[in-house]
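Bear in mind that the values in this text are calculations on the coordinates, not laboratory data. Just so it is clear, the model here is predicted, and its values are computed rather than measured. All Cβ positions, even for glycine, are placed from backbone atoms using ideal geometry, and neighbour counts span all protein chains on display.
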Amino acid sequence: MSQAIAQRATMSDRTLLAGQEAMAGRRRGIRAFLPFAGPAIIASIAYMDPGNFATNIQAGARHGYLLLWVVVIANLIAMLFQALSARIGIVTGRSLASLCRTHVPRPVVLAMWVASEAAAMATDLAELVGAAIGLSLLTGMPMLPALLLAFGITWGLLNLQTRGFRPLEVMIAGFVSVIGLGYLIEMVIAPPDWGAFAYHSVVPRLAGADSVTLAVGIVGATVMPHAIYLHSALMPNRMPAHTDAERRKVLRFSNREVLFALTVAGLVNMAMVAMAAAMFHQDHSGVGEIETAYRTLLPLMGVAAAGAFMASLLASGIASSVVGTIAGQTIMQDFVHIRIPLWVRRIVTMLPALAVVAWGVNATDALVLSQVVLSLVLPVPMIALLYLSGRPDVMGAFAVRRVLRLTAWLATAIVLALNLILLLQTCGVDLTLLTGV
């Protein structure tokens, strides 16, 4: 009988059982870790979206390996905030948006919701346009049909939510694997200068105002508002913990997953910069758009390199669009308790991307514009997360301690300052007046 029940159990049910065995000490090593892997992998796709492709290609083409250290710092900050987001979901059993609705005055909550919805639409703009670019370049179809096809693919994948949490996690992990494999192929075809790679990963250097602008863009566009909201929403009840001892065990596994997933995302971003540095910096430093990068790669390195690049971009666009839609859905229902059919939300969030493509707006310019919108909204979840995670009446014994809280506030100040510089630069302010570089 028990064998028959086990055969009828869903993938999510089996994951829950495996997690309970791990918390009871009956699983060790990788077998204990795997049931807890998933939420951070889903959140990590935000750090490998098409906006990252555009910024990292420009950084590598123009400045070689110089800005790799910026990618490292940005990734460390992302790890900190995703870990805090997961922590608040595990300890309270509620999402960050839901906690804001309880602990923040209603007018502020409504303003936060509007800002967060704008971020969700800006995110979907970048992701759908990125997927459409990939489909268009791989198949030769015009951008508008490619966008509609990308919409159809993501809509189909969103239906995995009805089968529990595990199929969606496995699907996103598959897309992350495609992105990582694509850049591994790039590294094999055109190996970077590993000495320069290692040196610039740890030694901070800048070279003129343009490098400052790109450094700001890398950091300012790394910590994604929707990823912070979503990670906290994925944790409640995924692996139920009923005592403080169980919560500590889940937290340990969660922190390990954040370290693993964000390390993979960081390595992918470093590989993006290194690929552009190795292939474009010497003779094609003017490469600044995704389409140009593909068309330059094709004659330089052949079909394999160009195909791997576009497959990575396509996987990035589709996966991040799925994740962005789920994040937007969570933001709406947890901030204001409004539920709308998923297909309605999907169509509404697609409209900006449809307008951009229909009007013939430059795709890379649209990606940059989306990052500016995200920069404006970023302070909302960062400050809310730090405010709530440090309150004993919200977190109890798991309230973030002073040293970690100060570190997080310092990271917040750095990210917000860089976002401000990015916005001023976008508005035409001369960056040399601010930096002296």
Checklist line | Nearest-20 debye value, the chain charge dipole, Cβ charges on Lys, Arg, Asp, Glu | finding: 1880
Check: In Å, the Kirkwood hydrodynamic radius of the stretch 65-174 over pairs of distinct alpha carbons?
Finding: 17.5
Check: How big is Rg to Rh over the stretch 54-435, alpha-carbon atoms, Rh as the Kirkwood inverse-mean-distance radius?
Finding: 0.95
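Output the peptides 319-332, 14-27 sorted from most to least packed, where packing is the average of other Cβ atoms within 10 Å over each peptide's residues.
Working: 319-332: 26.1, 14-27: 16.2.
In decreasing order of mean packing, 319-332, 14-27 become 319-332, 14-27.
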Note to self: Across the stretch 177-231, what fraction of all alpha-carbon pairs, as a whole percent, falls in each successive 5 Å bin from zero upward?
What the structure shows: 4, 13, 12, 17, 22, 20, 10, 2
Check: Per the helix-only calculation at 222 nm, which mean residue ellipticity applies to the chain, given -39500 (n - 2.57) for every DSSP H run of n ≥ 4 and division by its residues, nearest 500 deg cm²/dmol?
Finding: -26000 deg cm²/dmol
Notebook entry, point to check: From largest to smallest, what semi-axes in whole angstrom does the stretch 183-279 give when each is the square root of 5 times an eigenvalue of its alpha carbon gyration tensor?
Noted result: 35, 17, 12
Next item on the list: Could you work out how far helix 244-280 tilts from the main Cα principal axis of the chain, as a 0 to 90 degree angle to the nearest 10?
Entry: 10
Margin query: Translational diffusion coefficient of the stretch 117-217 at 20 °C, 1.002 mPa s, Stokes-Einstein with Kirkwood Rh over Cα pairs, in µm²/s as a whole number.
Written below: 124
Check: Under a Cβ-Cβ cut-off of 11 Å, what is the net charge of the residues other than R94 that fall near it, where Lys and Arg count +1 and Asp and Glu count -1?
Finding: 0
Checklist line | Ranking of M79, M48 by count of other Cβ atoms within 10 Å, fewest first | finding: M79, M48
Next item on the list: Could you tell me what fraction of 2.2 N^0.38 Å the Cα radius of gyration of the stretch 21-77 comes to, as a two-decimal ratio?
Entry: 1.70
Margin query: Per-residue counts of other Cβ atoms within 10 Å, averaged by peptide: what ranking do you get for 60-73, 125-138, highest first?
Written below: 125-138, 60-73
Check: Which net charge results when you count Lys and Arg as +1 and Asp and Glu as -1 among the other residues whose beta-carbon is under 12 Å from that of F151?
Finding: -1
Notebook entry, point to check: Where the centroid of each part is defined by its Cα atoms, how far is the stretch 183-218 from the stretch 308-335 in Å?
Noted result: 26
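Note down the net charge around T330, summing +1 for each Lys or Arg and -1 for each Asp or Glu among other residues with Cβ under 12 Å from its Cβ.
Numbers: positive: R94, R339, R345; negative: E117, D334.
Cβ neighbours under 12 Å give a net charge of +1.
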Next item on the list: Sort the following peptides by mean Cβ neighbour count (other Cβ atoms within 10 Å, averaged over residues), highest first: 36-42, 160-166.
Entry: 36-42, 160-166
